[in-house]
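Readers should treat all values here as calculations from the given coordinates under stated rules, not as data from a laboratory. Keep in mind the model is a prediction, meaning the values are calculated, not measured. Every residue, glycine as well, gets a Cβ built from its backbone with ideal geometry; the counts of neighbours run over all protein chains shown.
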Amino acid sequence: MSEPLVLINLFSMPAEMVDDFVGQWEAGIAAAKNAPGFRGTRLHRSLDPDAPYPVVNIARWDSVEDWQAAFDKYFSGPGRRDDAEQADGGWGAVSAHPALYSVAHVTPDPMASSDAHS
């Protein structure tokens, strides 16, 4: 595979939770940053306060297997980081919708080419 896979994870949550969610993002993914195949992430926040998915994570992974192993270890099942928070009302209102994608088409940034600056 020439390019990493792209994980697009849409998060839905009440508007009043967005600031805290974004503020705690780095701590929430700290363990996964050293997982095999992890290539980085960018967290995006909607400019529309009424967006159905006010926060979107876009991450890159080397393979489906690498992502699944990290997901299973850090984000699902017993012992995951947010179990205690959900039990006491912490992140129970946050809903994640992750899916892996491969690049189907690329339209280059016209401002990135040397011709655009001539």
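Given R0 = 22 Å, the distance between the Cβ atoms of ILE58 and SER113 translates into a calculated FRET efficiency of 0.40. Label-to-label distance for SER46 and GLU16 is 1.8 nm, based on points extended 7 Å past Cα in the beta-carbon direction.
The slack in the chain from GLU26 to ALA93, taken as 0.36 nm per residue of separation less the alpha-carbon distance, amounts to 22.2 nm.
Electrostatic tally near LEU5: other residues with Cβ closer than 13 Å to its Cβ, Lys and Arg +1, Asp and Glu -1, net -2. For the listed peptides 24-37, 95-108, 62-75, a ranking on the average number of other beta carbons within 10 Å per residue, highest first, reads 62-75, 24-37, 95-108.
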